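Some notes on the structure that comes next.
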Amino acid sequence: MLESARVLVVDDDESMAKGLAELVSREGHEVRHVLSAEAAVETLATEDVDLVLSDMRMSGMDGMGLLEHIKKVRPLTEVVIITGYSTVPSAVEALRKGAFNYLAKPFQLDEVRNVVRKALDRRAQSIVTARKAEPYQKLSRKLNPGLAPRGKPRPVVVGNVVVGGDRPIVIAGPCAVETRDQTLRTARAVKAAGGDMLRGGVYKPRTTPYDFQGLGPAGYDILREARAETGLPIVTELMDPRRVEEMMDVADVFQIGTRNMQNYILLTEAGKSGKPVLLKRGMSATLKEWLCAAEYIAYEGNLDIILCERGIRTFSHGEYSRNSLDLNVIEPAKKLSILPVIVDPSHGTGKAELVPNASYAAIGHGANGLLIEVIAEERDRCTVQCDAAQAITAQELAQIVKRIHSLPAEDLQS
Ligand code: PEP
Ligand code: MN
């Protein structure tokens with residue numbers, strides 16, 4: 001049982017509310033009382049409560065309405081209904097709707113003690129069960145209902161940009177920072193196209209050691225200059241935990257790439273840095289593995305995590321697209337966790353011509369934003385060393401930004 005539980009008594013009869021609160025507090029619990037269901041709703045919006053003892057008949061919202069609300073916003077909070085004889089049938093109906101039990105007036109002290117203890121036992125048990133089913137304990141929506149508004153993610157704020165707010169955001173840039181000229185031209189193009197953040201890697205996880213590995217520290221100043229000129233926050237990949245410190249004032253968001261999704265030392269250090277982290281889904285990671293990887297960051301006290309679906313490996317790998325963009329994961333990821341989810345249609349498809357429709361589809365599936373690779377001008381396609389085939393032009397980016405921002409708010413899932 002929960003030793004010192006948070007209990008809320010709701011009754012529009014003040015003496016009843018006070019009396020019951022007094023009784024329950026004798027059991028060593030932290031008890032408060034409010035005089036209406038509306039006031040209880042307000043309390044529950046910001047505070048977690050283990051048990052609610054609610055009168056059935058109240059003016060305004062009644063006990064049944066409150067119960068239904070609680071089961072939606074705090075499914076693990078237990079509810080015991082207080083009822084008079086006339087409302088016993090609805091109290092029985094409340095059991096069907098998830099109430100733990102009811103107390104029919106007049107009740108004895110022992111009865112109250114008993115029902116409170118059993119309700120708290122069930123609460124403790126369901127927390128244990130939920131933690132097993134959802135081991136991403138700090139990021140689970142069910143286990144942390146107060147951390148995110150209902151049906152919406154907990155927003156991640158980067159400068160003036162809100163990821164997971166009312167409008168989808170667009171992060172764009174070159175795959176890699178290759179030269180100062182290429183990066184600055186691309187940064188200007190992203191800004192002009194209406195992008196919200198600039199993305200470019202100075203460390204690139206490449207499949208072979210013979211491919212361009214990124215400029216390393218030589219790229220830091222280029223990113224700083226691009227930020228100073230455009231005002232766009234910088235997203236850049238962190239591959240090595242030893243680089244966190246020197247990259248703190250280069251990156252506004254640390255990207256952790258698909259290959260490093262389960263690099264637990266890196267995740268831990270990114271968590272400790274306190275900087276927002278864009279965590280790409282491992283190319284063969286299940287949703288649970290992805291959320292558990294994010295939990296390593298959250299475990300260090302950093303909840304500013306943006307999930308990024310970037311395509312997974314399937315049997316069709318390479319046949320007509322680089323990866324299979326798994327848009328089906330967006331909704332469950334948002335339902336299970338408190339995190340915003342964005343989509344990378346560039347790595348998800350590997351082909352520039354597939355990127356616009358993949359972007360619209362992602363937004364249609366409820367993505368909170370996009371991460372897109374771009375080139376400033378068509379001529380750059382022949383000179384960039386990294387991911388040229390999947391980069392769209394700045395004009396195409398501008399069209400995508402315009403189109404996703406012109407969608408009516410009701411067409412955008414939260
Ligand atoms: C990238 O964003 O350029 C990249 C390497 O992505 P991923 O980790 O998804 O392959
Ligand atoms: Mn790339």
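Computed from the coordinates by the stated procedures, all read-outs in this text should not be read as laboratory data. Keep in mind that what you see is a predicted model, and the values were worked out from it rather than measured. FYI the Cβ positions are ideal-geometry reconstructions off the backbone, even for glycines, and counts take in every protein chain you see.
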Legend entry - For Leu103, residues with placed amide H under 5 Å, excluding near neighbours: Ile81, Ile82, Thr83
Inset, instruction - Between Asn160 and Ser324, take the C-beta separation as r, use R0 = 30 Å, and let me know the FRET efficiency to the nearest 0.05. - result: 0.30
Inset, instruction - At 0.36 nm per residue, minus the direct Cα-Cα distance, what do Ala39 and Met248 gain on full extension? Give it in nm, one decimal, please. - result: 70.9 nm
Inset, instruction - May I have the extent of the alpha carbons of the range 91-237 along their three principal axes, as whole Å values ordered from largest to smallest? - result: 80, 35, 22
Inset, instruction - Just the isolated ones, please: cysteines in the chain lacking another cysteine beta carbon under 4.7 angstrom. - result: Cys292, Cys308, Cys382
Legend entry - Overall Cα dimensions of the range 200-282, principal axis frame, Å, largest first: 35, 33, 21
Legend entry - Cleavage-rule hits (chymotrypsin sites (Phe, Trp or Tyr not before Pro)) in the range 181-276: DSSP loop, at most 16 neighbouring Cβ within 10 angstrom: Tyr210, Phe212
Legend entry - Between the range 101-159 and the range 7-54, the Cα center-to-center distance that results, in Å: 15
Inset, instruction - Provide the per-residue ³J(HN,Hα) series for the range 286-301, in order, calculated from phi with Karplus coefficients 6.51, -1.76, 1.60 and θ = phi - 60°, each as a whole number of Hz, with x at glycine and proline positions. - result: 6, 4, 5, 5, 5, 5, 5, 5, 4, 4, 4, 6, 4, 4, 8, x
Inset, instruction - Work out from phi, with θ = phi - 60° and the Karplus expression 6.51 cos²θ - 1.76 cosθ + 1.60, the ³J(HN,Hα) of each residue of the range 23-28, listed in order in whole Hz, and give x for Gly and Pro. - result: 4, 5, 5, 5, 7, x
Legend entry - Cα-derived Rg to Rh of the range 161-225, Kirkwood definition: 1.04
Inset, instruction - Write down Rg/Rh for the chain, rounded to two decimals, with Rg from the C-alpha atoms and Rh from the Kirkwood relation over Cα pairs. - result: 1.10
Inset, instruction - Rank these for me by crowding, Ser346, Ser15, going from fewest to most other beta carbons within 10 Å. - result: Ser15, Ser346
Inset, instruction - Give the percent of DSSP beta bridges with both residues in the range 223-317 that are antiparallel, rounded to the nearest 5. - result: 0
Legend entry - Along principal axes, Cα extents of the range 82-137, largest first, whole Å: 44, 24, 10
Legend entry - DSSP-assigned coil residues among trypsin sites (Lys or Arg not before Pro) in the range 1-83, each with at most 16 further Cβ atoms within 10 Å: Arg26, Arg57
